[in-house]
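Note sheet for the following structure.
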Amino acid sequence: MLQGFKEFIMRGNVIDLAVAVVIGGAFGAIVTAVVDYVINPLLGAFVPSGSLSGWVITFPGIFAPVNFGIGAIIQAIINFLAIAAVVYFALVLPMNKIAERRAAKLAVDEEAEPAPTQEELLAQIRDLLAARPQQ
């Protein structure tokens with residue numbers, strides 16, 4: 001039983017997943033800091049109250065007025081878009097560029113070897129058939 005657990009833990013994908021979770025948590029803190037301390041203050045400069053989350057729409061109710069926090073919803077949408085933009089420009093775009101360069105390098109390496117001609121392939125097939133034991 002312990003041997004199976006040890007093999008499970010020592011698999012590469014389990015360790016990779018653990019590293020990804022730790023790095024993801026640390027990167028999440030960076031993205032949150034960028035949104036909270038850079039993007040939100042920039043947006044607050046264009047809002048009279050200084051914060052979108054303070055915007056409410058008040059409707060008269062039967063017993064008391066009802067406040068809908070529309071500003072908090074708008075703030076959450078803006079935070080989501082800002083986080084998505086930071087992740088895209090900080091992670092996805094550079095990784096795509098690296099993948100493109102790697103693919104271009106592999107394509108150059110593959111082009112260095114010329115493909116065999118049809119006659120060469122047919123000769124190889126003929127030789128393989130001739131070398132096969134007869135039944």
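Considering all different alpha carbon pairs of the chain, the Kirkwood hydrodynamic radius works out to 22.1 Å.
Think of it as helices only: each DSSP H run of n ≥ 4 in the chain is worth -39500 (n - 2.57), and spread over all residues that comes to -21500 deg cm²/dmol at 222 nm. Once the Cα-Cα distance is subtracted from the 0.36 nm per residue extended length, the M10 to V34 segment shows a gain of 5.1 nm. Each residue, A64 and V47, gets one label point 7 Å from its Cα in the Cβ direction; the gap between the two is 2.4 nm. Compute the FRET efficiency between I125 and R101 as 1/(1 + (r/R0)^6), taking r as their Cβ-Cβ distance and R0 = 30 Å, and round to the nearest 0.05. Efficiency computed from Cβ-Cβ geometry: 0.20.
Computed from the coordinates by the stated procedures, all read-outs in this text should not be read as laboratory data. These numbers were taken from a predicted model, which means no experiment stands behind them. Here Cβ is always computed from backbone atoms with ideal geometry, including for glycine, and neighbour counts include all displayed protein chains.
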